[in-house]
Each structure stands twice: as structure tokens, then as C-alpha cells.
Amino acid sequence: MNVATGMLTQNWSVAWGACAAVLLVISAALAIWHARSEETPPAPGSPPRRQEVRGVKSGGSVRVTMKGKGEQTLITAKAKGDIIAEQND
């Protein structure tokens, strides 16, 4: 709390710059991790990927999408519109 108060009242331009740099690095690391987790194929011998969706109730359409190989299951889905399940490579 003291650091935040000091940053706001004592013109800590260096502290603000450091905070901005830390936030930028963390944001970039999370973005890279998220992008790579979608692309990375499972390791040999690892269990197959599964996507299971249960109990969906929608007043419109429902779309379930899975990237890559694996098992996709949609259980107890009710929709007034379309129900679409896609699996892309």
C-alpha cells in the first residue's frame, strides 16, 4: 500500500515505468503461452485429448469447437437454434 500511495503522490516516474515493464512482460508471456498451448500436439504416450460439454441450455444456437485430434462429446444439449459440433486440425 505504501508503494502505491508513494507512486501516486510523489511522482515516481521510474516506479511507474518499472510497473509498466513488468505488466508488459507478464502479458507477453501469457499471450505466448496461450498461443503455444493451442498449437502443441500431445506428447507420445500421453492420454488422448477430450472435450466434454454437459447440460447446455440455450435460447439460440450452440457451437462447440475443438482444435486438433481427440474425443469430443456433447451431452444433454437443448437449444432453440442449431447445435453444431466441429473438430478442426
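Of all residues in region 6-63, those being among the charged types (D, E, K, R) and at pLDDT below 85 number 4. Reported count of residues in region 59-82, each being assigned to a strand (DSSP E or B) and more than 29 Å from A35 (Cβ to Cβ), is 3.
Applying a threshold of 8 Å to beta carbon distances and a minimum spacing of six or more residues, or different chains, the list of pairs starting in region 15-36 at a residue that is without any contact (Cβ under 8 Å) to a residue 24 or more places away in the chain and ending at one that is of a type outside the set (S, T, N, Q) and part of a helix (DSSP H, G or I) reads A15/V3; A15/G6; A15/M7; W16/M7; C19/M7. Filtering region 53-70 to residues that are out of contact with any Asp or Glu (no Cβ under 6 Å at 6 or more places or on another chain) and open to solvent by less than 80 Å² (accessible area, probe 1.4 Å) leaves V53, G55, V56, S58, G59, G60, V62, V64, M66, G68, G70. Residues in region 71-89 that are surrounded by 11 or more Cβ atoms within 10 Å (Cβ to Cβ) and in contact with a strand residue (DSSP E or B) (Cβ under 6 Å, 6 or more places away or on another chain): E71, Q72, T73, L74, A77, K78, A79, I83, I84, A85, Q87.
The values are calculated or read from the model by the stated rules, or taken from the named source; none is laboratory data. It should be emphasised that the depicted structure is a prediction, and the values quoted were computed from it without experimental measurement. Cβ coordinates were reconstructed from backbone atoms using ideal geometry, including for glycine residues, and neighbour counts include every protein chain displayed. The accessibility values were calculated without ligands, DNA or RNA, using every heavy atom of the protein model including side chains. Shrake-Rupley method; radii C 1.70, N 1.55, O 1.52, S 1.80 Å.
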